[in-house]
1. For segment A:113-130: of the residues being surrounded by fewer than 20 Cβ atoms within 10 Å (Cβ to Cβ) and closer than 18 Å to residue A:187 by Cβ, which is farthest from the other protein chains (Cβ to nearest Cβ)?
2. List the number of the failed condition for residue B:169; all other conditions in (1) at pLDDT below 85; (2) in contact with a strand residue (DSSP E or B) (Cβ under 7 Å, 6 or more places away or on another chain); (3) more than 15 Å from residue B:61 (Cα to Cα); (4) buried (at least 20 other Cβ atoms within 10 Å of the Cβ) hold.
3. From A:106, A:146, grab the single residue that is within 20 Å of residue A:52 (Cα to Cα), more than 7 Å from chain B (Cβ to nearest Cβ) and modelled with pLDDT of 90 or more.
4. Which count do you get for residues in segment A:68-103 that are within 18 Å of residue A:44 (Cβ to Cβ), surrounded by fewer than 17 Cβ atoms within 10 Å (Cβ to Cβ) and at the interface with another protein chain (Cβ under 9 Å from one of its Cβ atoms)?
5. On the given criteria, is residue B:382 surrounded by 21 or more Cβ atoms within 10 Å (Cβ to Cβ) and within 14 Å of chain A (Cβ to nearest Cβ)?
6. Condition first: crowded, with 17+ Cβ neighbours inside 10 Å, at pLDDT 85 or above and either in the same structural domain as residue B:158 (by TED's automatic domain parsing) or in contact with a Cys (Cβ under 9 Å, 6 or more places away or on another chain) (or both). Can you find one or more residues in segment B:21-29 that meet it?
7. Against the condition over 30 Å from residue B:295 (Cβ atoms) and either out of contact with any strand residue (DSSP E or B) (no Cβ under 6 Å at 6 or more places or on another chain) or not in a helix (DSSP H, G or I) (or both), how does residue B:367 come out, does it pass?
8. Exactly one of (1) within 9 Å of chain B (Cβ to nearest Cβ); (2) more than 20 Å from residue A:206 (Cα to Cα) is unmet by residue A:159. Its number?
Amino acid sequence: MLDSVNSIKKSQKDIVENIVLSAENLTRSYQRGEHGQRTFDAVKDASLDLRTGMLTEIVGHSGSGKTTLLNMAAGLLTPSSGKVLLDGKDMYSLSDNELSRLRNEKIGVVPQGQTALSSLTVLENVLFPSTLYRRLVPDETVDRAKNLLCHVGLTDLMDSMPSELSGGELRRMAIVRALINKPKVLMADEPTGDLDKENTRIVLEILRKTASGGTAVLLVTHEADAAHYADEVYEMEEGRLTRKEE
Amino acid sequence: MNRKKNRFISWNRLPLRSLTAFPGRTWSLIALTAILSFLLFGGSTFLKSLETGFSTLEDRLGADVIVVPEDAEDKLQKVVLEGVPNYFYMDKKVLDEVEKFPEVEKASAQYFLCSAKAGCCSMPVQIIGYDPDTDFSVTPWIRESTKKELGLFDIVVGANINADAGGQIKFYGNTCQVIAKLSATGSQLDNAVYATNDTILALTRSSVEKGINYLAQNSPEDEISAVQIQVRDGQDPESVARKVVSAIKGTAAVQTSTMLSGLSDSLSGGRKTIHLILLMVWVLSAVILFIAETLLVRTRTAEFAYIRTIGASRRMLSGMILAEALLCGLAGSLIGCLTAAVILKSFRTAIEAAAGMPYLSPGLKYTVLAALLSAVITLLSGGAAAFLAAFHTSRADTGTLLRKEN
């Protein structure tokens, strides 16, 4: 399995490693308690570049600040200080409308837990991000959704409701959904949490292939084996981000 | 998937999909808004029906003062306000004496008769005889239904009598022709039958012939039941009533406004109470709606956070929550108003009896306006509750919401 992963990594080196997203000196402070005077820094002065075709992994203990950093990088959480540049544009200088649209078009996020819309079928869930800013979904997007679902082994379940899917299937659906708009950046927060070994392998391979296909992928995980799929690995410890050398 | 199916999952349709996917949640909200709109529309229409009934009765009575035998004051009120058929008589000369008063503009006699049993009615009806030459209180209303002069055994029936124009009703063996049916007043006058004095005299004679001779101890030609008085402009009906009573022995004079003042007071008190209840219900419903919307939005935080994650703006998310609330409000308003309308119409008689006051539906224009206003208030209340609940969620950082959910 690892041989095939390494061959994918090698072919990926052919892709130009452009920086797509750059997080610069991000800090996020929280108040302790509802009206607390004291604050603590969940993320301290973290900088990170995400490059085209590379899978970047952040590992760390629970509560170390990984998710907070991912949310800030994804434009979902305003940093206390620092900035996030996407294609050279400071995301947090944009209005909510502009930032939302940018996120829709360029960033795919796989949040923690199950985030399917239970009123929509699997295929509709996958297509949903592509419906936000247009009245009709083009046929090619529908075809793409079907191909992606086929790729992750969910062809037979595309007309099912999310409640009929297992945890692994829901996670694969969430990845496909994050990819539907061909984002430049894919961010996955603990995508293998609660999954068995087989599903974990499937999910990590999908992410690896996505990176190799030219997308900048950020993976936040506890999974020890995930490092084998990553091009670079960072470690988060008490809000501080450090790069782990190979 | 074809293009038709693609349309099905458009952003605009998501609120409807969310509502239909969770029928329990949706019907709870619809039920809440339906109760609010039912009470607003039902309450205001009920109140307006009382006001319309009262004002129609006031107009229909026409006279300023009604002179009756001295022991018949209560009986007259029972005939007019409670619909209990009755009869009482006094000498016809009372009319001549009343006409002599300079303060009296118009005076006209009426003759009250009770049917024993009529084919059309399940109970005795009040038959009111009037003199077409001098009458000023009944004729204007009859003119609204027919231009035809009433001949012998021609009758005009109140709105509640089970017969229509062209039909026939038998009284004491005489077949009476129904010439017209009066429009509803919402009062007990709707249960009466009107005829000219000639017809009444003929009916009275028939009743005597049939041995039902309790109706008049003396000759019916020499008796009347009441004298309707319209006073001249500038004259005080109360002082006219006093003068008549002191001048004509054995009579009582009922001032119409006084007779209706009890009703008016009850209506005024009832109006205040109903307005207060409506206000309290509205505040209570608005609070309950707000709590329900807040709880609902909280239980759906993960869903909303995810929708933001994929790129929906705050405005889009608030719009979606608002659209769901408005759809529920619209359905609730419709159900509430329709239910209220059906209940008010179906149980009109029971409501009228329970209210103890004239009760007349205010007409289509008012009903439609009241329904629209109730729907707007309901929608605004539900919309405001949803907006307040959505505001907090949409303003929060999506990352913070996701963190809370995890």
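1. Filtering segment A:113-130 for residues that are surrounded by fewer than 20 Cβ atoms within 10 Å (Cβ to Cβ) and closer than 18 Å to residue A:187 by Cβ, the one farthest from the other protein chains (Cβ to nearest Cβ) comes out as A:114.
2. Unmet for residue B:169, out of (1) at pLDDT below 85; (2) in contact with a strand residue (DSSP E or B) (Cβ under 7 Å, 6 or more places away or on another chain); (3) more than 15 Å from residue B:61 (Cα to Cα); (4) buried (at least 20 other Cβ atoms within 10 Å of the Cβ): (1).
3. A:106
4. 1
5. no
6. Yes, some residue in segment B:21-29 is crowded, with 17+ Cβ neighbours inside 10 Å, at pLDDT 85 or above and either in the same structural domain as residue B:158 (by TED's automatic domain parsing) or in contact with a Cys (Cβ under 9 Å, 6 or more places away or on another chain) (or both).
7. Considered against the rule, which asks whether it is over 30 Å from residue B:295 (Cβ atoms) and either out of contact with any strand residue (DSSP E or B) (no Cβ under 6 Å at 6 or more places or on another chain) or not in a helix (DSSP H, G or I) (or both), residue B:367 comes out as yes.
8. Residue A:159 satisfies every listed condition except (1).
The values are calculated or read from the model by the stated rules, or taken from the named source; none is laboratory data. This structure is a prediction, so every number in the text was calculated from the model and none was measured. Don't worry about glycine lacking a Cβ; one is built from the backbone with ideal geometry, like all the others, and counts go over all protein chains shown.
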